[in-house]
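Just below is one structure, and these are the notes that go with it.
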């Protein structure tokens with residue numbers, strides 16, 4: 001492993017990061033917004049490394065440096081998930097950021113070669129997953145090009161993040177009783193998650209310790225944060241409302257196109273009429289709740305509709321302005337989310353492998369992919 005800890009060339013150093021690099025990494029995240037109609041950053045305050053805990057375990061964080069300046073970062077985490085009906089550890093690639101000064105150089109290829117050598121120690125990981133915004137066409141074209149030793153990317157389809165504004169709505173009527181999670185307890189919730197997760201690909205294999213540990217995969221979630229759909233005395237669906245604002249944030253840097261005029265008008269009106277800050281000003285955070293641990297019997301959209309409707313009703317009186325729901329485009333549950341006033345941010349899901357072309361699509365077995373939005 002010592003040979004992998006540091007590689008240099010052309011004035012650029014590639015090495016594994018430690019917690020001593022936390023401040024420099026957070027500064028890089030702050031100055032490298034993701035482009036789009038809404039330009040956003042992904043701060044990880046107060047600690048980048050603590051925020052990583054929800055992405056998985058056994059993190060490898062690599063840094064690209066020039067002198068003492070951090071110009072790039074990337075992360076590979078490992079998480080146990082349900083794959084083809086059994087629990088399988090897979091990788092997840094995240095937090096890839098390059099300072100503008102490093103773009104157009106061989107920095108990306110160097111970083112990926114370093115990561116490939118490091119990941120070779122885990123032969124039990126058949127592939128890694130990652131997501132890339134569809135609007136970031138430059139990044140998608142580069143990363144999937146196989147140039148300069150980059151790994152092979154297999155497109156597994158579109159992932160939709162549905163943003164639903166939170167305001168008072170008329171409650172709908174469903175044929176399911178929706179209870180607070182504290183009424184059934186975490187043990188029953190975990191049992192239901194395990195039972196329903198087998199019908200999907202990549203659903204995290206959660207355990208009770210993921211709730212009880214301060215650094216677990218579900219950091220900060222409690223039984224009270226869950227809603228449980230019950231029919232005939234059995235749990236038929238669960239969903240959590242995950243407030244991650246104290247360790248993972250989304251910052252708005254600006255708006256483009258017609259949305260810029262809409263945002264400017266809203267800012268003027270909200271100040272005078274004391275409206276909710278649905279469209280944050282530049283430099284302000286997006287106040288959002290993440291829909292998490294979405295799992296229902298037979299992937300039934302009506303069960304999810306009952307859970308989501310109750311969640312939107314309860315969260316409308318809180319400080320958050322948006323509910324974020326992340327589902328694969330092919331997931332039948334997506335229909336329940338898009339019934340509401342919303343806008344959608346689309347990404348692509350990729351399987352990534354260095355030594356050969358990944359062949360994950362053939363192994364989906366008709367199961368719908370599920371990625372935990374609060375862990376991306």
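The values are calculated or read from the model by the stated rules, or taken from the named source; none is laboratory data. A quick note: this is a predicted structure, and the numbers were derived from the prediction, not measured. Because the Cβ atoms are built from the backbone with ideal geometry, glycine has one as well, and the counts that use them run over all protein chains shown.
For every residue, the table says whether it meets (1) modelled with pLDDT of 90 or more; (2) more than 20 Å from residue 240 (Cβ to Cβ).
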residue	(1), (2)
145	no, yes
148	no, yes
153	yes, yes
157	yes, yes
163	yes, no
181	yes, no
189	yes, no
200	yes, no
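Only one of the numbered conditions (1) over 21 Å from residue 356 (Cβ atoms); (2) assigned by TED's automatic domain parsing to the domain that holds residue 58; (3) more than 21 Å from the chain's Cα centre (by Cα) is violated by residue 150, and that is (1). Scanning the range 349-362 for residues that are closer than 26 Å to residue 297 by Cα and touching a strand residue (DSSP E or B) at 6+ places or on another chain (Cβ under 9 Å) gives 349, 360, 361.
When residue 215 is tested against (1) assigned to a loop (DSSP other than H, G, I, E, B); (2) farther than 29 Å from residue 351 by Cα, just one condition goes unmet, and that condition is (2). Evaluate the following for residue 216: is it in the same structural domain as residue 330 (by TED's automatic domain parsing) and in contact with a helix residue (DSSP H, G or I) (Cβ under 7 Å, 6 or more places away or on another chain)? Spelling it out, residue 216 is indeed in the same structural domain as residue 330 (by TED's automatic domain parsing) and in contact with a helix residue (DSSP H, G or I) (Cβ under 7 Å, 6 or more places away or on another chain).
Of 269, 259, all but one fail to be more than 29 Å from residue 29 (Cα to Cα) and either assigned by TED's automatic domain parsing to the domain that holds residue 44 or in a helix (DSSP H, G or I) (or both); the exception is 269. The residues on offer are 75, 61, 14, 54, and the sole one that is out of contact with any helix residue (DSSP H, G or I) (no Cβ under 7 Å at 6 or more places or on another chain) and surrounded by 18 or more Cβ atoms within 10 Å (Cβ to Cβ) is 61. Among the residues making up the range 340-360, those that are farther than 30 Å from residue 125 by Cβ and in a loop (DSSP other than H, G, I, E, B) are 340, 341, 342.
When you check residue 372 against the structure, is it surrounded by fewer than 21 Cβ atoms within 10 Å (Cβ to Cβ) and either in contact (Cβ under 8 Å) with a residue 60 or more places away in the chain or outside the structural domain of residue 94 (by TED's automatic domain parsing) (or both), yes or no? No. Can you find a residue in the range 151-173 that is touching a helix residue (DSSP H, G or I) at 6+ places or on another chain (Cβ under 8 Å), assigned to a helix (DSSP H, G or I) and buried (at least 20 other Cβ atoms within 10 Å of the Cβ)? Scanning the range 151-173 turns up no residue that is touching a helix residue (DSSP H, G or I) at 6+ places or on another chain (Cβ under 8 Å), assigned to a helix (DSSP H, G or I) and buried (at least 20 other Cβ atoms within 10 Å of the Cβ). Taken over the range 311-339, the residue count meeting the criterion of being surrounded by fewer than 16 Cβ atoms within 10 Å (Cβ to Cβ), part of a loop (DSSP other than H, G, I, E, B) and touching a helix residue (DSSP H, G or I) at 6+ places or on another chain (Cβ under 9 Å) is 2. The residues of the range 281-299 that are surrounded by 20 or more Cβ atoms within 10 Å (Cβ to Cβ) and part of a loop (DSSP other than H, G, I, E, B) amount to a single one, 286. Kindly indicate which of 193, 218, 227 is within 15 Å of residue 53 (Cα to Cα), touching a residue at least 40 places away in the same chain (Cβ under 8 Å) and crowded, with 18+ Cβ neighbours inside 10 Å. Selected residue: 218, the only one of 193, 218, 227 that is within 15 Å of residue 53 (Cα to Cα), touching a residue at least 40 places away in the same chain (Cβ under 8 Å) and crowded, with 18+ Cβ neighbours inside 10 Å.
Among the residues examined, residue 27 does not qualify as within 19 Å of the chain's Cα centre (by Cα) and in contact (Cβ under 8 Å) with a residue 24 or more places away in the chain. Among residues that are more than 21 Å from residue 305 (Cα to Cα), over 19 Å from the mean Cα position of the chain (by Cα) and surrounded by fewer than 19 Cβ atoms within 10 Å (Cβ to Cβ), residue 212 is included.
If you check 224, 210 for being at pLDDT below 95, part of a helix (DSSP H, G or I) and in the same structural domain as residue 334 (by TED's automatic domain parsing), only one passes: 210.
Residues checked against (1) touching a strand residue (DSSP E or B) at 6+ places or on another chain (Cβ under 7 Å); (2) under 26 Å from residue 39 (Cβ atoms); (3) touching a residue at least 24 places away in the same chain (Cβ under 8 Å):
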{"position": "64", "(1), (2), (3)": "yes, yes, yes"}
{"position": "81", "(1), (2), (3)": "yes, no, yes"}
{"position": "93", "(1), (2), (3)": "yes, yes, yes"}
{"position": "101", "(1), (2), (3)": "yes, yes, yes"}
{"position": "153", "(1), (2), (3)": "yes, yes, yes"}
{"position": "164", "(1), (2), (3)": "yes, yes, yes"}
{"position": "171", "(1), (2), (3)": "no, no, yes"}
{"position": "174", "(1), (2), (3)": "no, no, yes"}
